[in-house]
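Heads up: the structure comes next, in structure tokens.
The values are calculated or read from the model by the stated rules, or taken from the named source; none is laboratory data. Note that this is a predicted model, so its numbers are computed, not measured. Positions of Cβ are generated from backbone atoms using ideal geometry, with glycine treated the same way; all protein chains shown enter the neighbour counts.
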Ligand code: B12
């Protein structure tokens, strides 16, 4: 009998959540690895809107495949969020449907649970509690973003038998040996020899695509270096083979998960897009993660348009020079205007191009954000407000500790972006609504 593993993607516990091509990509990579190692693998993904019992509201017509609303179960507000004028909720599969799925799985040898945002840990804990109630004796291993960045918190509180920091591929053989006493003969292979295992889903609207891991940048608010040390781009042919394979599965929509998609574009993204155009493949690409604005030349914008990009998000952060310098000086206003012009000339419309603007940074008067919003709109680009979430181990963390009136070091719930953990004394919820309105008004 083959050994078996059950993979779990837990719920989101938050004030808001909307599915933007969300996929437990880490788990899907690990699944491919496990299958190569001879495991039988099952997945219960609480965030799969296409699950027959998801109760997710039907998708809106004008929203691209892969995006949409989750089923939402209102929850009492945790004490430490008192004063936030928003409903707290659990997003994703109803609990009874989760339990039906968990019970339907024959007792596995190993259970792997992933975790995403650090402040979503209550959903992770709840999943572990429920799994434990059904599969009492099975070792539960927790990994992912929360498990990596808040490792001690997860070890102390999650209820998992083992908490793993960092990429899982390299440590799976050790985990399997330690928990099951099995020596897996396949070597700890590099992640890019695996492909996200999409066979775990009966229904798919899109495929996640990660053409690189890590990031060459060092943005002071970002934890990419801790999560995926170094920077590695997959060979172009390998990425194209993956796209071709997905097309053969009937998939047309793709969402990029790269941290730095446009790095080294001449040798990486450009040849990929040129081949797609040459082969006349029908593809639609979404890049919900902010891309490096200064790298969007006229040629690249044309290729993006012609190869089927539909969702463009630009990592603007701030167009106020002092703030931009503090964040790594990656962008000048002229570069932003040129990139916007290039995208418009290529054919992209206002609603397809969004600019992420960071707000709620340590010591930042959020009124400053209004100016960047206005400049972004002047270039016919839609502002998207991205609230700062402080993360341990990042360059901005000491600043965040100094400016936050809350105990962000010991309580990850305070990392919640909606909470504005680094709020200044002038902060009010009215001001937040005013800025949100300004961003939305055209
Ligand atoms: C893609 C991405 C998004 C996408 C989609 C996210 C999704 N899950 O679907 C979008 C653009 C929507 C997004 C949005 C946001 N994001 Co984001 N995002 C990322 C990004 C770039 C990649 C995540 C990913 O899928 N990686 C790919 C997989 C392969 O890696 P992985 O999941 O880490 O899995 C590996 C290991 O962790 C491990 N592993 C995972 N699970 C398990 C389980 C076991 C048992 C084991 C052993 C190992 C293991 O092995 C895996 C394979 O190596 C990360 C940064 C990063 N480099 O990780 C930020 C990141 C997660 N995002 C972040 C933030 C701040 C946000 C936003 C709040 C930004 C904003 N203000 O709007 C929003 C909020 C999202 C929301 N409400 O849904 C922060 C985290 C904040 C936090 N407090 O935790 C990160 C870390 C970036 C940063 N600032 O440093 N994001």
Looking only at residues that are part of a loop (DSSP other than H, G, I, E, B) and in contact with a helix residue (DSSP H, G or I) (Cβ under 9 Å, 6 or more places away or on another chain) in segment 186-200, which one is modelled with the lowest pLDDT?
188
State the number of residues belonging to segment 373-391 that are within 15 Å of the ligand (Cβ to nearest atom) and either part of a loop (DSSP other than H, G, I, E, B) or out of contact with any helix residue (DSSP H, G or I) (no Cβ under 7 Å at 6 or more places or on another chain) (or both).
6
Those residues of segment 12-47 which are in a loop (DSSP other than H, G, I, E, B), closer than 23 Å to residue 132 by Cα and within 12 Å of the ligand (Cβ to nearest atom), in sequence order
24, 47
Sort out which residues of segment 407-418 are away from the ligand (no atom under 11 Å from the Cβ) and either under 19 Å from the mean Cα position of the chain (by Cα) or within 22 Å of residue 89 (Cα to Cα) (or both), and write them in order of number.
411
For segment 15-38, name all the residues that are surrounded by fewer than 22 Cβ atoms within 10 Å (Cβ to Cβ) and in contact with a strand residue (DSSP E or B) (Cβ under 8 Å, 6 or more places away or on another chain).
15, 17, 18, 19, 20, 25, 35
Look through segment 1-11, keep the residues that are part of a loop (DSSP other than H, G, I, E, B) and either more than 11 Å from the ligand (Cβ to nearest atom) or more than 20 Å from residue 415 (Cα to Cα) (or both), and return whichever of them is modelled with the highest pLDDT.
11
Consider residue 65 carefully, then state whether it is assigned to a helix (DSSP H, G or I), more than 13 Å from the ligand (Cβ to nearest atom) and either modelled with pLDDT of 95 or more or under 18 Å from the mean Cα position of the chain (by Cα) (or both).
no
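For residue 358, state whether it is within 27 Å of residue 415 (Cα to Cα) and touching a strand residue (DSSP E or B) at 6+ places or on another chain (Cβ under 6 Å). Working first, answer last.
Numbers: within 27 Å of residue 415 (Cα to Cα): yes; touching a strand residue (DSSP E or B) at 6+ places or on another chain (Cβ under 6 Å): yes.
Yes.
Which residue is surrounded by the fewest Cβ atoms within 10 Å (Cβ to Cβ), if the candidates are limited to segment 275-318 and must be on the phi > 0 side of the Ramachandran plot and at pLDDT 95 or above?
Within segment 275-318, the match that is surrounded by the fewest Cβ atoms within 10 Å (Cβ to Cβ) is 280.
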Run residue 394 past the list (1) touching a strand residue (DSSP E or B) at 6+ places or on another chain (Cβ under 9 Å); (2) in contact (Cβ under 8 Å) with a residue 60 or more places away in the chain; (3) outside any helix (DSSP H, G or I); (4) within 11 Å of the ligand (Cβ to nearest atom) and report the number of the one that doesn't hold.
(1)
Hits in segment 311-351 (condition: part of a helix (DSSP H, G or I), under 24 Å from the mean Cα position of the chain (by Cα) and more than 20 Å from residue 389 (Cβ to Cβ)):
350, 351
All conditions in (1) at pLDDT 95 or above; (2) surrounded by fewer than 20 Cβ atoms within 10 Å (Cβ to Cβ) are true of residue 160 except (2)
Within segment 119-157, how many residues turn out to be assigned to a loop (DSSP other than H, G, I, E, B), surrounded by 23 or more Cβ atoms within 10 Å (Cβ to Cβ) and away from the ligand (no atom under 11 Å from the Cβ)?
0
